[in-house]
Each structure stands twice: as C-alpha cells, then as structure tokens.
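Input: a single structure, listed below in structure tokens.
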Amino acid sequence: MPPQRHIIAHGHSACPELRRGQARRIAVVTGSRAEYGLLKSSLEAISQHPRLSLQLIVTGMHLLPKFGRTIREIEADGWKIDARVPMQRGDDSRLDQADGLSRGVRGIARFLDRSQPDIVLVLGDRIEALGGALAATLTGRLVAHIHGGDVAPGDLDDRLRHSITKLAHIHLAATRDAARRIVRMGERGEQVFVVGAPGLDHLRAIVRAAGGVSPPRARARQAIVLQHPCGHAPAREQRVVERILRAVRAEGLHALVSYPNSDSGHTGIVAGIHAAANASDNGDVHVVRSMPRDDFLQVLMTSRVLIGNSSAGIIEAATAGTPSVNVGNRQAGRLRAGPSVIDCGEDYASIRRALQRALRARPRTTRVYGAGDAGRKIAEILASIPLNRYLWHKRIAY
C-alpha cells in the first residue's frame, strides 16, 4: 500500500514560480454540476486554510443553458469566480467534444499564465479535467488529481482519467484499491494519498444531523433517475432510459429525472426523458435540468431507490440509506460502497428484476470510500507537501 503521507526526497525548489513564505495559490477547475458537488468540501477547506489561496475556474457544462447553466448555483453559493472558460457548445457530436477540449486548454492556459497558481486541482475523468491538467502542464504548473485510479469505462472515462493520472504530480485517491492502481501505473507511492471520496463529506454531515437514515416505510415512493450517455448512438441511449422509466412506473414509483451530462449520445436520453414525461397523464415523471448538490442529497435520503448509471448510485446512495440499481456497464469496475448496489443489464426484464430486488434491500454501507473528511485532508496535503525538485520532475517509478 502506498504511504498516506509525503516523503521529502530533495530540498530545493527547481522552479522559481513556487514562492516561499506566501499562501499557496490553488486553482480549481470545475466543469459540471456533478463534479462541482464533489468538489464543494475541498473548495471550502482550501478557502478556509491559512496557508492556501483559492482560485476558481468555471467551464464546460456550467456555462450551457441547455444543461441548466449551473454556474448560477456556484454564484449562489457565494464563490468568487476567477475565470469563465467556454468549452463545449452543447452539440451532440464527438467533434464538439474535441473542439471544446481545445478551447478549454487555450482558455484555462491563458488564465493560469496570468494568475500564476502553484497547483491546479482537477477531479475525475471528464474533458474539463483533462483540459485543466493539459493547460497546467503546458504552462508549468503542478497538477493535483482527485479520484485517479478508479475504474469505470463510461464512454471515454477510463482513458481520460488515466491520462490525467500520468500528467498529475499529486494523486488524491478515493480508495486503497485506486491508490495501488496508481502506483502500478508507475507513479511514485509517496505522492499518492488515500483521502476518501469527497462526495461523501456533506452527505455524512447531513446524515449525522438527521440522526441517521430513515427506513423505507418513512420514505416517499420516489425513484431518482440518473442516466448518462455511454458513447452509443442517441437512439440506443433513448431506448435504455425509456426502459428504466417504464420499470419505475410499473413499480408504482414517482420518477424524479435529472438531465444527463453533455457526452455524446445525450440527445437520445433527453428525448426519452421528455417522451416519458409527456406520456404521463398523472405527473408521475418530473424532469429537472439540474439540482443543487445539497438538495440532491436531501432528496436521495428521502427516496426509495436511485436508478441509472451514475457514480452516485455506486458511492453515495448506500451512505444515504438508499438502495440503487446500476444499469449497464458505465460503472463496471468501480468499487461498490455497499451490498445494496444492484447491477443489471440494459434490457427491460433485467432492469425490472433489479428494481424489485432494490426495493426489498436493506442498505448497508462500508468505509471503503472514507469517513467523510476528504476535503479537509485534500487541503492539508496541498498546504504541506514540499514543492521541490522531486515533486516537480515526474519519473516512472518502475
């Protein structure tokens, strides 16, 4: 197991940009509503740390009206936004993703060149995180990466995530398995830290404040539906979400459905969502483009089940006391947070059987994703890790 605290290997900084005696500037890149929710505890901890200074770069889906223009949620939370960088235009095409990445690298790089942060912090596996890591690398910044070493194929997720790992200098892994995987990729163990999943930080606090999770009989007969594209044609993506909603209605549940992310194939999911909502004559399908993170966590704690292919069903749902149905292979390989995560295929019969099992399940969670203090750990690592020659110059460790 890689060490969970750093080792000072060399003494002097090789980089004049790394200033002594001043608060370290941490530039955080956020590009989607989901990833912003996961970053919130880290943003809070960084902003409150006496040795750190926060810079916030907002890009990607946050700027698109099609997906709820969620930059307004960031503004409503009171954060100072230091840079707004347009990336995707919202087209359902591979070319829009490629063009968006190039725009993101260019725009983020220009901000980094002006603002001179010490460390650029990114999370996960989306093109916004890759754009931030590439811009940081090319402008001479250190890169810190949260949730590296996970396995979840998605569309391009694994390829993007592992590419960011090879660009990063500081690895903030959610689990011990992920940390071991990062080391096997050739990263030095003393730069790999197990911090837990930051998405659990606020959730565990909400659960504690509520005195625990409520039993199924005290919950609304509601299913949260979170389905994202997997790189298939829009027509196939539409068929899958329509089967999910059909199964939810067959079990007599109200469906609260959130828009997918902007990956290729999302138009099919959006079409399927609205087709189901329009066909509902009793309002049992409610569609939202986006939901503030804390609102989502409260709804998760009062719903009977979460269904779809979001990582929230794998990591957060069990802690909220909510069983989940994981549809398809988007999250294949990601460590499950508890036995109430039920996997199934994309055909209707499999989805219906899994949903019935989930509604009978008694959720239990584990501590595999940490104790709910990832944000604090991340801030402390960023404040204390030596910014020296050893950290700066990446080497293959095998």
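The values are calculated or read from the model by the stated rules, or taken from the named source; none is laboratory data. The structure displayed is predicted, hence computed values, not measured ones. FYI the Cβ positions are ideal-geometry reconstructions off the backbone, even for glycines, and counts take in every protein chain you see.
The residue list Leu56, Leu52, Leu64 contains one member that is touching a strand residue (DSSP E or B) at 6+ places or on another chain (Cβ under 9 Å) and within 27 Å of Arg289 (Cα to Cα), which is Leu56. Counting residues in region 286-300 that are touching a Lys or Arg at 6+ places or on another chain (Cβ under 7 Å) and farther than 23 Å from Pro216 by Cα gives one or more. Quick check on region 260-278. Is at least one of its residues more than 22 Å from Asp91 (Cβ to Cβ), at pLDDT below 95 and surrounded by fewer than 19 Cβ atoms within 10 Å (Cβ to Cβ)? Yes, region 260-278 has at least one match.
Could you run through region 172-197 and say how many residues are among the aliphatic types (A, V, I, L, M), in a loop (DSSP other than H, G, I, E, B) and in contact (Cβ under 8 Å) with a residue 40 or more places away in the chain?
So the answer is 3.
Taking the criterion of being in contact with a Gly (Cβ under 7 Å, 6 or more places away or on another chain) and at pLDDT 95 or above, would at least one residue in region 17-30 satisfy it? Yes, the conditions are met somewhere in region 17-30.
Look at His232 and say whether it is assigned by TED's automatic domain parsing to the domain that holds Leu355 and without any contact (Cβ under 8 Å) to a residue 60 or more places away in the chain.
When the stated conditions are applied, His232 passes them.
Note on region 62-71: residues that are part of a helix (DSSP H, G or I) and modelled with pLDDT under 95 total 3. Considering (1) assigned to a strand (DSSP E or B); (2) closer than 23 Å to Asp125 by Cα; (3) of a type in the set (Val, Ile, Thr), the lone condition that Ile378 does not fulfil carries the number (1). Just so you know, in region 207-223 the residues that are surrounded by 17 or more Cβ atoms within 10 Å (Cβ to Cβ) and hydrophobic (A, V, I, L, M, F, W, C) include one that is nearest to Arg395 (Cα to Cα), and it is Val207.
On the basis of being without any contact (Cβ under 8 Å) to a residue 60 or more places away in the chain and on the phi > 0 side of the Ramachandran plot, does Gly149 make the cut? Against the criterion (without any contact (Cβ under 8 Å) to a residue 60 or more places away in the chain and on the phi > 0 side of the Ramachandran plot), Gly149 qualifies.
Taken over region 304-345, residues that are touching a Gly at 6+ places or on another chain (Cβ under 6 Å), within 20 Å of Val285 (Cα to Cα) and in a loop (DSSP other than H, G, I, E, B) amount to 1.
Arg364 satisfies every condition listed in (1) in contact with a Gly (Cβ under 6 Å, 6 or more places away or on another chain); (2) closer than 30 Å to Arg72 by Cα; (3) modelled with pLDDT under 95; (4) of a type in the set (D, E, K, R) except (2). Residues in region 224-259 that are surrounded by fewer than 19 Cβ atoms within 10 Å (Cβ to Cβ), closer than 18 Å to Ser350 by Cβ and under 23 Å from the mean Cα position of the chain (by Cα): His232 alone. If the condition is being surrounded by fewer than 23 Cβ atoms within 10 Å (Cβ to Cβ) and under 18 Å from Asp263 (Cβ atoms), then region 162-194 contributes His162, Ser163.
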